[in-house]
Structure formats: C-alpha cells, structure tokens
Amino acid sequence: MKNLVFTTMAVVLLSGCIHPTSSRQLEEQRSYIDKTVSIPNVLFMETPQSKSVLVGSDVFAQTAGCQFMQRYKVRTTATFTESLNLLKYRSAMMGAKRISIFKHEEVDASESRIFIHDDDVVYIQAGTSLQGAPFHTTITANLYDCAG
C-alpha cells in the first residue's frame, strides 16, 4: 500500500515538472515581433511575372470573367511604382491575372506621419533599413484569377 501511495505521489509530482508553465507560443511571449522582410531589389523592378498581371478596375476584371481571389496588402519603403511592381510580382506568384487597387497611401518620411504597428509586415529593399527610408508606401489590392 505504501508503494502505491509513493508511486502515485511521484507520478503526480514528476508529471508537473515536465509540462511547460506557459501555454503561450514563443512568438506570443515576445513584446515585439519584427515583421520586416528584406526583398531583393530586382523584385521592385518590372519582371516577366509582374508584366503578366493587368491592373484595372474591379468592373473590368469581372467583365472579363475573372473571379475574386483575395484582398492583399503590401507595405514597403519604396515609391508607388516600385511597390506596384512588387505587388504585381507577388500577385502573379499567387496565381492572379488581374488586380485592382483598392487603397493606396504614400507617406514621405519627412511628414512624420509614419506609424508601423506590430501586425504590419513591411517589405524593405535589400540594403536599406526601415529607419531613414524616404518613403513608406501601402497598397491594398483585390486579386482576380481569370480562366485562360
């Protein structure tokens, strides 16, 4: 009987030692999650993939028989044209044939209106940094997949 009680107590005590005390994931435990992603400069230029994506209105995409895929946002430290090239490249990699710009915001760094929240992913050009970037551009677009 003593062995049974001793064994039961040992199991209870030792099982408490092997379970982690925090059930939160490691990423959630950090106070700030760095979500800046360095992108090669070539993706901010026109590529064959970005040239294959047409930019227009939602009406033209739906008239062409395209189906809405998703809304996608890029935030960069580049100008509008460079950011659009990146958006078109990433859209092509996701299978989109057409995109329509839903929202665009470009802030000059000297305007002091730049707010980067923890949930925003910022794509930065290789060799540059988030601090001191001349522009912060956000483009939100609707992606469409077209048959054929």
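Of all residues being among the acidic types (Asp, Glu) and at pLDDT below 65 in the stretch 102-119, which is farthest from THR36 (Cα to Cα)? Just the residue, please.
Restricting to residues being among the acidic types (Asp, Glu) and at pLDDT below 65, the top hit is GLU111.
If you go through the stretch 61-98 and keep only what is crowded, with 23+ Cβ neighbours inside 10 Å, among the polar types (S, T, N, Q) and in a strand (DSSP E or B), you end up with just THR76.
Checked against the criteria, SER100 counts as of a type in the set (S, T, N, Q), touching a helix residue (DSSP H, G or I) at 6+ places or on another chain (Cβ under 7 Å) and more than 15 Å from ASN41 (Cβ to Cβ).
The values are calculated or read from the model by the stated rules, or taken from the named source; none is laboratory data. Worth saying up front: this structure is predicted, and the values here are computed from it rather than measured. Cβ atoms come from the backbone with ideal geometry, glycine included; neighbour counts cover every protein chain shown.
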